[in-house]
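Enquirer: What follows is a single structure, and I will ask about it in a moment.
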Amino acid sequence: MTGKRALPPDSGRLYDELLVTLVQTGDRRAAQRLAVRWQPRLARTARRLLGDDEAALSAVQEAWLSILRGVRSLRDPSRFAPWAFGILRRRCADHIRSAQAVRARTGESESEPALPATSDEKVAIAQAFSALPPDQRLAAQLFFVEGLTLAEIAEAQDVPLGTAKTRLFHARRKLKAALTGDDR
C-alpha cells in the first residue's frame, strides 16, 4: 500500500475541485452545490464518530462554518476532501470534549447510543465500528466508506502516513474479527 492511487481522478473529484475553485472566487452558488454534495458525507462520518445524530449535525454545521471561512486559504483544491474531513474531525473532538465536561459536572455515566432496528448485518457493522478506538474508527470510515486514500487519511487525521497505515491495519483486523468471530 503506497497511499496513492494509480487511477486517474474520477469526475466527482474533478467537479469538487471546480466547485472549490469557484467558491474561492466568491461564487455562492458553487458553495451551495459543494455543501449539497458534501453534507451527506460529512454527516455520515460525524454520526460514526459521535454516535448521536443531533451532536453530529451540530458538528457538521460548525465544520461548514470553518470550511467556508477557510476555503480561500486552501492552496490545492484537489486536497479538499482530507482538508474538510480534518476540520470535521476537530469539530467532533470538540463535541466529545464538551460532552465529557458536561457529564463530569452532572455526574452522568456514558451510555451506548441505541442503534435503530435494521438488518442484522447493518447492526453488526455498526457495532463493530463503534467498538473501534476513535482514531481507528475515523481511519476506517474515511477509507471504507468515503474512499479516501491513505495519504488523504493521514492528512485528515494530521498524522504521518505510517500512522494512518497502522490505524487502518488495526481497524481492518478488528473489524474482520468482530464480523467473522475470528479472534486472531
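The values are calculated or read from the model by the stated rules, or taken from the named source; none is laboratory data. Bear in mind the structure is a predicted one, so any value in this text is a computation, not a measurement. Note that each Cβ is placed from the backbone with ideal geometry, even for glycine, and that neighbours are counted across all protein chains shown.
Enquirer: Would you confirm, using the coordinates I've provided, whether Arg41 is under 13 Å from Trp64 (Cα atoms), surrounded by 15 or more Cβ atoms within 10 Å (Cβ to Cβ), out of contact with any Gly (no Cβ under 7 Å at 6 or more places or on another chain) and in contact (Cβ under 8 Å) with a residue 12 or more places away in the chain?
Expert: Against the criterion (under 13 Å from Trp64 (Cα atoms), surrounded by 15 or more Cβ atoms within 10 Å (Cβ to Cβ), out of contact with any Gly (no Cβ under 7 Å at 6 or more places or on another chain) and in contact (Cβ under 8 Å) with a residue 12 or more places away in the chain), Arg41 qualifies.
Enquirer: Quick one: what pairs do we get from segment 1-20, first residue at pLDDT 55 or above, second assigned to a helix (DSSP H, G or I), C-beta under 6 Å, 6+ apart or different chains?
Expert: Hits for this filter: Asp16/Phe80; Glu17/Pro77; Glu17/Ser78; Leu19/Ala30; Leu19/Arg33; Leu19/Leu34; Val20/Pro77; Val20/Phe80.
Enquirer: If you take the residues in segment 52-70 that are touching a residue at least 12 places away in the same chain (Cβ under 8 Å) and surrounded by fewer than 19 Cβ atoms within 10 Å (Cβ to Cβ), which one is nearest to Ile125 (Cα to Cα)?
Expert: Result: Asp52.
Enquirer: For Ala124, indicate whether it is surrounded by 15 or more Cβ atoms within 10 Å (Cβ to Cβ) and either of a type outside the set (S, T, N, Q) or free of Cβ contacts under 8 Å to residues at least 60 places away in the same chain (or both).
Expert: Judged against the criteria, Ala124 is not a match.
Enquirer: While we're looking at this one, here's another question. Would it be correct to say that Arg48 is in contact with a Phe, Trp or Tyr (Cβ under 9 Å, 6 or more places away or on another chain), within 24 Å of Gln157 (Cα to Cα) and modelled with pLDDT under 95?
Expert: yes
Enquirer: Looking at the structure I just gave you, is Ala156 among the small types (Gly, Ala, Ser), under 14 Å from Arg89 (Cα atoms) and touching a residue at least 60 places away in the same chain (Cβ under 8 Å)?
Expert: The answer is yes for Ala156.
Enquirer: Might you check whether a residue that is buried (at least 19 other Cβ atoms within 10 Å of the Cβ), assigned to a helix (DSSP H, G or I) and aliphatic (A, V, I, L, M) occurs anywhere in segment 74-82?
Expert: yes
Yes/no matrix, rows are residues, columns are (1) hydrophobic (A, V, I, L, M, F, W, C); (2) within 15 Å of the chain's Cα centre (by Cα); (3) at pLDDT 90 or above; (4) not in a helix (DSSP H, G or I):
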position: Arg90; (1), (2), (3), (4): no, yes, yes, no
position: Gln100; (1), (2), (3), (4): no, no, no, no
position: Ala104; (1), (2), (3), (4): yes, no, no, no
position: Ala140; (1), (2), (3), (4): yes, yes, yes, no
position: Phe169; (1), (2), (3), (4): yes, no, yes, no
